[in-house]
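FYI, it's all coordinate maths here, none of it is from the lab. What you see is a predicted model, and the numbers here were worked out from it, not measured in a lab. No Cβ is skipped: glycine too gets one built from the backbone with ideal geometry, and neighbour counts run over all protein chains shown.
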Amino acid sequence: MSNKMWGGRFSERPDEIMEEINVSIDVDRHLFAQDIAASKAHAAMLAAQGIITASDAKNIGKGLDTILSEIGKGGFEFKRALEDIHMNVESRLSELIGPAAGRLHTARSRNDQVATDFRLYVRDVLDETDAALAAFQHALVQRALEHAATVMPGFTHLQTAQPVTFGHHLLAYVEMAARDRGRFQDARKRLNESPLGAAALAGTSFPIDRHATAKALGFDRPMANSLDAVSDRDFVLETLSGAAICAVHMSRFAEEIVIWTSPLVGMIRLSDKFTTGSSIMPQKRNPDAAELVRAKTGRVIGALNGLLIVMKGLPLAYQKDMQEDKQGAMEGFAALSLAIRAMTGMVRDLVPDEAKMKLAAGEGYATATDLADWLVRTLKMPFREAHHVTGRIVAKAAEGGVALHDLPLEQMQAIEPDITKDVLGVLSVESSVKSRTSFGGTAPKNVAAQAKAWLRRLEKERKLG
Ligand code: ARG
C-alpha cells in the first residue's frame with residue numbers, strides 16, 4: 001500500500017532503505033507538544049475565518065488534547081511508517097474523530113508546520129538556558145561574596161602574575177554568563193516570529209489570519225515572507241552559536257577546576273558529590289564532571305558546525321536536507337544544559353584551601369609590580385626605570401632563595417639607596433590586592449561591592465521573572 005498521507009499518485013510502497021533514510025519520528029517526536037499546540041491554534045483560526053466549521057474545529061481540538069495526554073502518559077504508538085510527528089498526530093486524529101481530521105491540513109504544509117514547531121522548541125530551550133545561567137550566576141555571586149578577600153595567585157601564561165582574590169576570579173564568570181544570556185535574549189527576539197501559514201512556500205489562497213495564529217502561539221508577529229518562513233533556520237544557528245560560546249566559557253572554568261584540584265596545585269577541593277574514584281588506584285579523586293564539561297563543549301561546537309554545513313548552499317525554499325537540523329541541535333542543547341548544571345553544582349560544592357592559595361599567591365615574586373609601583377609613587381621614578389630596578393631586586397632575592405618581603409632592606413638599598421622600610425608595607429599579598437582599587441580591580445572592597453550589586457540584580461530579576 002502506498003502512503004495514506006501523500007500516496008495518491010503512488011502505486012508502490014517505498015523501498016525499505018527509502019523509509020529508513022526518510023523517517024524522522026525518532027527525533028521529531030520530541031516536538032509533539034509544540035506540534036499539537038500549533039495545530040490547535042491553526043484549527044481555531046480556520047474556524048474563526050469560516051474556512052472549517054466550528055464543530056469540526058471543536059472535534060479537532062478535543063482530539064488533539066486526547067493525543068497530547070496519550071503521549072504524556074506514554075500510551076501513544078509512534079509509527080515509523082508515518083515518517084514524522086506531523087503525520088503521526090494527524091493519523092491518530094483521524095482514528096479518533098474520523099474525516100474531520102482531514103480538514104486540519106487546509107492552508108498549511110509540513111514545511112511551515114515543522115518550522116513553527118522547531119521555533120517553539122528552540123524558544124523553550126532559550127528560556128530554560130537563561131534560567132540555568134541565572135542560577136549559575138547566583139551560585140557564583142554567593143561564593144564570591146564569601147571569598148571577596150580570599151587571596152589567590154592570578155595567572156597570565158599560567159605563570160604566577162599578581163595576587164587577586166578568589167571572589168574576583170568567580171565574578172569574571174558572572175560577567176561571561178551575563179553576555180551569554182544577552183546573546184540568547186537577542187536570539188529570542190529575532191526567533192519570535194511565526195512561520196505558520198506560509199504553507200508549502202508560496203502562502204495560500206484561503207483567507208487565513210496569520211496574525212491570529214502568531215498571537216495564539218506567543219509570537220510577536222508572522223514572518224513577512226513565505227519563502228523565508230519555510231527556509232530559515234537562522235534561529236537554530238544563532239542559538240547554537242550562543243550555545244557554543246557559552247560552552248567555551250564553561251570549558252575554561254572546567255579546565256581551571258581540573259588544574260586547581262590536581263594534587264600538584266591543590267588550591268580547591270571538590271566533595272565526593274562531584275568526584276569519582278578509580279577502579280585500580282584507591283587514592284584517586286577524579287574531577288570527572290569538570291572533565292566532561294570540557295568535553296561536552298566539543299559536542300556543542302560540533303552541532304553548530306554540523307548545521308552550518310547542512311544549510312550552506314541550500315537553495316530556497318524548503319529542502320529535505322533541513323530535516324537534519326534537529327538531532328544535532330537537540331543533542332547540543334542537552335549537552336550545554338548538563339554542562340551549566342554541573343558547573344553550578346561544582347561552584348556550590350568547591351572548597352578553596354585558603355592557606356595554600358595565599359602561599360601560592362606570594363610565590364614567584366608576585367608582588368614585584370607593587371614594588372615597582374612604590375618606586376614610581378614614592379621616589380617619582382619613571383615606570384620603565386622602576387621596572388628595571390625591581391628586576392634587579394627580584395634577581396637578588398632569587399639568588400638568596402627568599403621572598404621579596406624577606407629580602408633584608410640593606411640589600412634592596414644596595415641596588416636603590418632611596419628605598420625605605422615603608423616599602424615593606426606594599427610587599428605582602430594582602431596589601432597588594434587591597435591596593436587594586438581601580439574600577440573593575442581586584443580589591444576586596446570592590447569585589448564585595450560588585451558581588452552585592454549582582455546579588456541585588458539577580459534577586460530583582462527573579463522577582464520580576
Ligand atoms: N520531517 C520533516 C522535517 O523535519 C517535515 C517537513 C517535511 N516536508 C516535506 N515536504 N517533506 O523537515
Region 225-326: trypsin sites (Lys or Arg not before Pro) in DSSP loop, at most 12 other beta carbons within 10 Å: LYS284, LYS312
Diffusion coefficient, µm² s⁻¹, Stokes-Einstein with Kirkwood Rh over alpha-carbon pairs of region 355-465 at 4 °C and 1.567 mPa s: 82 µm²/s
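Assign one of three labels to region 9-79, namely rounded, prolate or oblate, based on the Cα gyration tensor with a ≥ b ≥ c the square roots of its eigenvalues; rounded applies when a/c is under 1.5, prolate when it is not and a/b is larger than b/c, and oblate otherwise.
Note, shape of region 9-79 comes out oblate.
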Exposure proxy ranking, count of Cβ atoms within 10 Å, fewest first, for GLU410, GLU416: GLU410, GLU416
Nearest-20 debye value, the chain charge dipole, Cβ charges on Lys, Arg, Asp, Glu: 1020 debye
Bins of 10 Å from zero: percent of alpha-carbon pairs in the chain: 4, 16, 21, 18, 14, 11, 8, 5, 3, 1, 0
Modelled FRET efficiency - R0 30 Å, PHE78 with GLU291, Cβ distances, 0.05 increments: 0.25
Partners for LYS358 among aspartates and glutamates (Cα-Cα distance below 18 Å; same-chain residues under 8 apart left out): GLU146, GLU256, ASP370, ASP406, GLU430
Theoretical FRET efficiency, 1/(1+(r/R0)^6), r = Cβ-Cβ of GLN411 and ILE280, R0 51 Å, to 0.05: 0.50
Tensor-based shape of region 228-314 (alpha-carbon gyration tensor, a/c under 1.5 rounded, otherwise prolate or oblate): prolate
Region 260-396: C-alpha gyration tensor shape, a/c 1.5 cut-off, then a/b vs b/c: oblate
For GLU193, net neighbour charge (Lys/Arg +1, Asp/Glu -1) across residues whose Cβ lies under 15 Å away: +1
Hull-based mean projected area of region 30-131, where the convex hull spans the alpha carbons, in square nanometres: 6.9 nm²
Charge sum, other residues only, whose C-beta stays under 14 Å from PRO163's C-beta, Lys/Arg counted +1 and Asp/Glu -1: -1
Rg and Dmax of region 148-240, Cα atoms only, in Å: 23.1, 70
Under 21 Å from the Cα of LYS296 - lysines, other chains or at least 8 residues apart: LYS273, LYS326
Computed [θ] at 222 nm, helices only, for the chain once each DSSP H run of length n ≥ 4 contributes -39500 (n - 2.57): -20500 deg cm²/dmol
Under 5 Å, built H, 5+ apart or other chain: amide partners of VAL164: MET152, GLY154
Pair ILE245, HIS105: separation of 7 Å Cα→Cβ label points (nm): 4.1 nm
Hz values of 3J(HN,Hα) by residue in region 197-205 - Karplus curve (6.51, -1.76, 1.60), Gly and Pro given as x: x, 5, 6, 5, 5, 10, x, 9, 8
In Hz, Karplus ³J(HN,Hα) per residue of region 93-105 (6.51, -1.76, 1.60; θ = phi - 60°; x = Gly, Pro): 4, 6, 5, 7, 10, x, x, 4, 4, x, 7, 4, 7
Between helix 166-191 and the chain: long-axis angle, C-alpha atoms, 0 to 90°, nearest 10: 20 degrees
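Restricting to the chain, compute how many DSSP beta bridges are antiparallel as a %, nearest 5. Before the final figure, lay out the partial values.
Numbers: 9 of 11 bridges.
Among the beta bridges of the chain, antiparallel pairing accounts for roughly 80 percent.
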Order by protection proxy (mean Cβ within 10 Å, highest first), peptides 370-380, 191-201: 191-201, 370-380
Net charge over other residues, Cβ less than 13 angstrom from the Cβ of HIS211 (K, R count +1; D, E count -1): 0
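I need PHE184, PHE155, PHE439 ordered by Cβ neighbour count within 10 Å, fewest first.
PHE439, PHE155, PHE184
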At most 16 other Cβ within 10 Å, DSSP loop - GluC sites (Glu not before Pro), region 18-109: GLU77
